[in-house]
Amino acid sequence: MKAALLLLSAISVPLWAHMGKVPCNAQSISVDCAPAQQQLKAAETAATQGDWSTASTHYRAAMQVAPACVEAAVNLGVIYNRLNQSEEAIKTFKDALAKNPQLFPAHLNLGITYFRTTRYDLAKASLRNAVKLNSGSTQARQLLALSLIALEEFKDAASELEQLIKLTPPDANTFVALGKMYLRLKRYPDAVSTFKRALELEPNVAKTHLLLGEALDNAGQTDQAIAELQRAIQFDPSLPEAHYALGHLFLKRGNVDEALAEFQKELRLNPEMLLARYQVGKIYFQRDQLDQAVAELNTVVEKDPTFRPALETLAQARFKQGSINDAISLLERAVALDPNWPQAFALLGRAYTRAGRREDAKKAFATAQRLSAEERKRLQGAVSKPK
């Protein structure tokens, strides 16, 4: 899955609350705002024309005439956001809330401003307040869910999305976002059913078929997962990661030729996808096509020197080619990245032995044995724990 912030695009949310229709207007002002009616009307006219600077001047004037007019403060904060003056907006919303802590538009717009400036913790707090004051606000719940996703608080995000689905007409994007949360939470059957609901609404979206394939695979339904990935590719043959995912499933079933073909298709579309290149190199190595394996794996470790499995497989290929010193160098890099990797130490011991470095080999084998014993002990302990 993509990193959490990439999920923010899953729901379509307007950035600003109340910009087409501000929280109060000159025709529906409160008693507190009555002395500023003229300034409010002028501000509203300027805002309607997109003249944010003039609107802000009139709202400030309204607040001077009627200091208790918190609606004018909220509108001024929204105008500050239009002027990209986020800090002024935040201060203005806070001033309004100091006068009236129950003012829903101030909590909502403060949350929007924090969200826009990527202060997701603060956005979450403000938007929670907004939801408490107006549990039916879909915008507050949408932005609260997105803030929680950005904070990787996936369980709470799923809860908000579940509530949002109850409050709004069926929307494929919301179902997709909820399905992604279920994937993160390893609630695979729920993810499957949720992506299927999204596809009932929008059946031709390749990305949703890809996500459903991932959910089905994790739910142990490999054949159905393959079918969904093939549908995804039918709708969009150039969909990023689709060929890789299909290759992964073919490899899982032992269909190596089909897997290799899909990995190579992915690389033609996305040459920088190192996972696909690693899999191609690994298949070449397993087939003893060492020159091809080395070429692919060298590219992987050059672009990502911390890719441990590629370092190990490349080391084995170089070992088979008789380049023992290269194999040693690669394996030393691998164990430096993960000093708790028994297989790498065992391979390093073999390479040291071939190089005549007996003492180094002895130490590497001893480390491999110790780490393997520790791993067995840990697994035994995990199995014997009461459930």
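Give the residue, chosen from 354, 308, 287, that is of a type in the set (D, E, K, R), closer than 23 Å to residue 261 by Cα and free of Cβ contacts under 8 Å to residues at least 60 places away in the same chain. Lay out the reasoning, then the answer.
Values: 354 fails: closer than 23 Å to residue 261 by Cα; 308 fails: closer than 23 Å to residue 261 by Cα.
On inspection, the qualifying residue turns out to be 287.
One line per residue, one yes/no per condition, for (1) in a helix (DSSP H, G or I); (2) at pLDDT 95 or above; (3) under 28 Å from residue 364 (Cβ atoms):
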{"residue": "228", "(1), (2), (3)": "yes, yes, no"}
{"residue": "249", "(1), (2), (3)": "yes, yes, no"}
{"residue": "277", "(1), (2), (3)": "yes, yes, no"}
{"residue": "322", "(1), (2), (3)": "no, yes, yes"}
{"residue": "332", "(1), (2), (3)": "yes, yes, yes"}
Report yes if residue 265 is modelled with pLDDT of 95 or more, under 28 Å from the mean Cα position of the chain (by Cα), among the charged types (D, E, K, R) and more than 26 Å from residue 205 (Cβ to Cβ), otherwise no.
-> no
Give me the pairs, please: first residue somewhere in segment 135-155 and under 15 Å from residue 114 (Cα atoms) and in contact (Cβ under 8 Å) with a residue 24 or more places away in the chain, second residue anywhere and among the hydroxyl-bearing types (Ser, Thr, Tyr) and assigned to a helix (DSSP H, G or I), beta-carbon distance under 6 Å, and either six or more positions apart or on two chains.
-> 147/120; 150/120; 151/120
Of all residues making up segment 57-83, the number that are surrounded by fewer than 24 Cβ atoms within 10 Å (Cβ to Cβ), over 14 Å from residue 41 (Cβ atoms) and among the small types (Gly, Ala, Ser) | 1
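So that you can scan it fast, the table gives a plain yes or no per residue for (1) farther than 21 Å from residue 217 by Cα; (2) under 22 Å from the mean Cα position of the chain (by Cα); (3) surrounded by 17 or more Cβ atoms within 10 Å (Cβ to Cβ); (4) of a type in the set (S, T, N, Q):
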residue	(1), (2), (3), (4)
246	no, yes, yes, no
249	no, no, yes, no
256	no, no, no, no
279	no, no, yes, yes
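Yes/no per residue for (1) surrounded by 12 or more Cβ atoms within 10 Å (Cβ to Cβ); (2) farther than 21 Å from residue 277 by Cβ; (3) basic (Lys, Arg):
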{"position": "312", "(1), (2), (3)": "yes, no, no"}
{"position": "326", "(1), (2), (3)": "yes, no, no"}
{"position": "329", "(1), (2), (3)": "yes, no, no"}
{"position": "349", "(1), (2), (3)": "yes, yes, no"}
{"position": "355", "(1), (2), (3)": "yes, yes, no"}
{"position": "358", "(1), (2), (3)": "no, yes, yes"}
{"position": "367", "(1), (2), (3)": "yes, yes, no"}
{"position": "370", "(1), (2), (3)": "yes, yes, yes"}
{"position": "375", "(1), (2), (3)": "yes, yes, no"}
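Would you confirm, using the coordinates I've provided, whether residue 265 is basic (Lys, Arg), assigned by TED's automatic domain parsing to the domain that holds residue 239 and within 26 Å of residue 230 (Cα to Cα)? Quick ask: steps written out before the conclusion?
Working: basic (Lys, Arg): yes; assigned by TED's automatic domain parsing to the domain that holds residue 239: yes; within 26 Å of residue 230 (Cα to Cα): yes.
Judged against the criteria, residue 265 is a match.
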Note on segment 201-223: residues surrounded by fewer than 16 Cβ atoms within 10 Å (Cβ to Cβ) and either among the hydroxyl-bearing types (Ser, Thr, Tyr) or over 12 Å from residue 176 (Cβ atoms) (or both) are 203, 204, 220, 222, 223
Filtered residues of segment 172-192 (kept if under 26 Å from residue 235 (Cβ atoms) and either surrounded by fewer than 17 Cβ atoms within 10 Å (Cβ to Cβ) or touching a strand residue (DSSP E or B) at 6+ places or on another chain (Cβ under 7 Å) (or both)) = 189
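The values are calculated or read from the model by the stated rules, or taken from the named source; none is laboratory data. Just so we're clear, the structure is a prediction, and the values are computed from it rather than from any experiment. Neighbour counts are summed over all protein chains in view; Cβ atoms, including those assigned to glycine, are modelled from backbone coordinates with ideal geometry.
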